[in-house]
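Here's the structure we're looking at; comments come further down.
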């Protein structure tokens, strides 16, 4: 038995854009508070989704978040507000889940991207060594972290003392820096690259290129897939935005 299709009346259709809240304010201002910098919309303090007051640790970061709100047109588009999303996460989630998130990020050290190398071709092996070995050497010198490097994908056990030092580096971050750092690690797939970047050992372009070395190699051999390239461009923009958020935390 086949049921007739259900047809909605034209007047009952609601476009996705209709769900977005409308801009309800005219003036956006950063206001100094005793605990940091808040954002006021027509004199009303901006709050997180959990209704906490959105207070940022530095004026520069508050200005970035305020600029995102000021840039909204008729309707609010959260996709254009990455700094606001990170700030909300810091306050609403990381304050209560800092230990769990620290453990999750520290686990990247057990299987860090930089420790797993290609066996061939020789040109790729050489490219990985040139891009990744200096970061491993920096981690050993600056952080006292020595990690084992292997070929292939079979997991290799890492020294517990090195993993403990990596966790301590993450635990030292405040919740706002941790919000930006989380995205740097998750997008790049490498805890070491995120640490080297935030310590100033490499710049954001170098960190991104190092994280995408294998993918770029494949593209150079087989050609660029336009859809994959578009997705990578989005990820790269998010990576740069995460670093900017981290940097403006002070």
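The values are calculated or read from the model by the stated rules, or taken from the named source; none is laboratory data. Since this is a predicted model, take the numbers as computed values, not measurements. Methodologically, a virtual Cβ is constructed for each residue, glycine included, from the backbone with ideal geometry; neighbour enumeration extends over all protein chains shown.
Things to note:
- With respect to the conditions (1) assigned to a helix (DSSP H, G or I); (2) free of Cβ contacts under 8 Å to residues at least 12 places away in the same chain, residue 182 lacks only one, and its number is (2).
- Candidates 95, 30 - the one that is in contact with a helix residue (DSSP H, G or I) (Cβ under 6 Å, 6 or more places away or on another chain) and either more than 28 Å from residue 185 (Cβ to Cβ) or at pLDDT below 95 (or both): 30
- Residue tally, condition buried (at least 19 other Cβ atoms within 10 Å of the Cβ) and within 27 Å of residue 60 (Cα to Cα), over the range 156-174: 3
- Within the range 81-91, one or more residues are more than 26 Å from residue 217 (Cβ to Cβ), free of Cβ contacts under 8 Å to residues at least 40 places away in the same chain and outside any helix (DSSP H, G or I).
- Residues of the range 106-122 that turn out to be without any contact (Cβ under 8 Å) to a residue 40 or more places away in the chain and out of contact with any strand residue (DSSP E or B) (no Cβ under 7 Å at 6 or more places or on another chain), as a count: 4
- Pairs linking a residue in the range 216-233 that is free of Cβ contacts under 8 Å to residues at least 24 places away in the same chain to a residue that is in a loop (DSSP other than H, G, I, E, B) and surrounded by 10 or more Cβ atoms within 10 Å (Cβ to Cβ), with Cβ atoms under 8 Å and 6 or more positions apart or on different chains, are 219/225; 232/212.
- Any hit, the range 166-178, residues being over 21 Å from residue 86 (Cβ atoms), assigned by TED's automatic domain parsing to the domain that holds residue 115 and either free of Cβ contacts under 8 Å to residues at least 24 places away in the same chain or not in a helix (DSSP H, G or I) (or both): yes
- Yes/no for residue 206 being surrounded by 15 or more Cβ atoms within 10 Å (Cβ to Cβ) and more than 22 Å from residue 132 (Cα to Cα): no
- Filtered residues of the range 191-214 (kept if touching a helix residue (DSSP H, G or I) at 6+ places or on another chain (Cβ under 9 Å), assigned to a loop (DSSP other than H, G, I, E, B) and more than 14 Å from residue 236 (Cβ to Cβ)): 199, 201, 202
- For the residues 65, 45, 53, the requirement of being crowded, with 21+ Cβ neighbours inside 10 Å and not assigned by TED's automatic domain parsing to the domain that holds residue 237 singles out 65.
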